[in-house]
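Notes follow the structure.
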Amino acid sequence: MNQQPAKMWSGRFREPLDRTFEQWQRSFPFDWRLLPQEVAASKAHAQAIAAANILTPEELKQTLQGLTRVGERAINWSNRISATSGQVDYETSDQQIGAAIVASAPQAEDIHHFVELELTKEIGALALKLHTGRSRNEQIATDMRLFVRDAIDNTTTGLIAWAKALITLAEANAENVMPGYTHLQRAEPVLIAHWLLAYVSMLERDLSRFANARTRMNFCPLGSGAIAGATLGLNRNIAAEALGFTRPTDNSMDATSDRDFMLDFAQAASTLGLHISRFAEELTLYATAEFGFVDLPEAFSTGSSAMPQKKNPDLTELARGKSARLLGSATALATLIKGLPLAYNKDLQEGQEQIFDIADTLAGLLSVLPNFTRSLKFRLPKMKEAAETGYLNAMAAATYLSNKGVPFRKAHEIIGNAVRLGLDKDVELNGLTLTELRALSDQFDPDFFAAITLNRTIDCHDVPGGTARDRVEIVIQEMRTRIASLASTSNPEGAHG
């Protein structure tokens, strides 16, 4: 068996690397996570160079089998950890697996070097043929596309689960009311379902952003070489098809230096983070004694070490805080890319950890939000009382007058005067007498009081997108159908591997 050089590039160099610099510049301590993607891309490349007669059919078979065994390293380490330390949670296990893999290969600069070293252990000098016609520049571009694609698919699955939980909760509250707010001041009554469906609408836009990002990024860089393209007459469609890409990339310089797909993912994630944060903020407010609308589920809350009575909204506060993390990663990635000349620069190595962190942050959020949402309990009498007080039916009252031919601007003024009278008398609009109302306008009739009941106030918003009960019921069914359709069509291309 031939001795593998210490570095993939060591032929030109005579002096050893400074030891501190060598450890500082290594990416393997974090890019080991790309092991499945690197193995999949290497298998695809092996098929392409076999078609170019670089590998014989038997050599291809040996190479693919060896790569499969290398790809099982993480599984093997997971089994060892479980056997020696008992069952551990996913995050701890993942960290332990990574530490074990990195410790097992102190020579490895990065995930590409690691796979080459491990493949050499499996199949000997034949492993050195695999790098024919490729560069690490195209390898990392391919691996990161595969990782981001997987992360988008996982995020899509989690988002669909959360959207379904919101829709189910909305369906259970299709007749229940709450005050709607503008400027954080009570404005008009709305159905609780209408409020929840507002977040489903946000998630539908998030899903479309991730889907669009996936479509734009799904092109294969393999065959791009270091900058100018492969030096072999490779059939690039072989690798592209093997990995589930739409087709090969068009320009080798762009392919090796493009990180738009990472930025698209990061920016879509940061927008999703904003939506999660808004949801978390509202629930945090609604769970306070001052609002009293929500009883936080104990399974997703913690107490105070000092104050025995406390039930703290840890989930919503952490979810709100995670949005800052997502925004920070997206900003760091954009700043990293903005000044780089073509083509590949090692600065791009710094973007990997941002993407890993985004993927982990989203996975964590979407692992808890569906169950948390299903566990929410509303204090319905309190919410209804808040929706029936504070003159939230004033808009419906003005509409009553405008339906009788009073110009809306005048109707607005009349109802404003009625509100002022109610404030002076400490009564709601329905507490005023017909005589008092007719002193403000002769358009008031006995049917006015029926027109400003809670249900009529809700149902007067009988337009597409409005909070009327019939309209909301229609939207619940439409959204359920759309989300179910997304669930059945997500991950259109087969996973790599």
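Taking Lys338 as the anchor, which lysines have their alpha carbon closer than 22 Å to its alpha carbon, excluding any fewer than eight residues away along the same chain? Cα-Cα hits under 22 Å: Lys346.
Of Thr120, Thr246, the order by accessible heavy-atom surface (1.4 Å probe, DNA, RNA and ligands excluded), from most exposed downward, is Thr246, Thr120. Label positions at Thr168 and Asp295, each projected 7 Å from the Cα along the C-beta direction, are separated by 2.0 nm.
The residues of the chain have, on average, 48 Å² of accessible surface per residue, using a 1.4 Å probe with all protein chains present.
Overall, the anisotropy analysis places the stretch 210-334 in the prolate class: the square-rooted eigenvalues a ≥ b ≥ c of its C-alpha gyration tensor yield a/c not less than 1.5, with a/b exceeding b/c. Express in % the proportion of alpha carbon pairs of the stretch 115-164 at distances exceeding 18 Å. Value for the stretch 115-164: 56 percent of Cα pairs lie more than 18 Å apart.
A simple packing score, the average count of other Cβ atoms within 10 Å per residue, orders the peptides 416-426, 172-182 as 172-182, 416-426, with the highest score first. The distance between label points at Gln477 and Arg278 comes to 2.8 nm (points 7 Å beyond Cα on the Cα→Cβ vector).
Quick check on packing: order 433-441, 146-154 by the mean number of other C-beta atoms within 10 Å, highest mean leading. Mind dumping the intermediate values first?
Details: 433-441: 14.3, 146-154: 21.2.
Answer by packing, highest mean first, reads 146-154, 433-441.
Rounded, prolate or oblate: which fits the stretch 318-472, taking a ≥ b ≥ c as square roots of the Cα gyration tensor eigenvalues, rounded meaning a/c under 1.5, else prolate when a/b beats b/c? Walk me through the numbers before you get to the answer.
Details: a/c = 3.82, a/b = 2.70, b/c = 1.41.
In terms of gyration-tensor shape, prolate.
Matching the structure-derived percent of Cα pairs over 42 Å apart against the labelled list (1) 44; (2) 37; (3) 28 gives the label (2).
Arranged from highest to lowest average of other beta-carbon atoms within 10 Å per residue, in what order do the peptides 339-348, 15-24, 325-334 appear?
325-334, 339-348, 15-24
The values are calculated or read from the model by the stated rules, or taken from the named source; none is laboratory data. Computed from a prediction, not measured in an experiment: that's the story for all the values here. Please note: Cβ atoms are built from the backbone with ideal geometry, for glycine as well, and neighbour counts cover all protein chains shown. Only protein heavy atoms, including side chains, enter the accessible area calculation; ligands, DNA and RNA are left aside. Shrake-Rupley method; radii C 1.70, N 1.55, O 1.52, S 1.80 Å.
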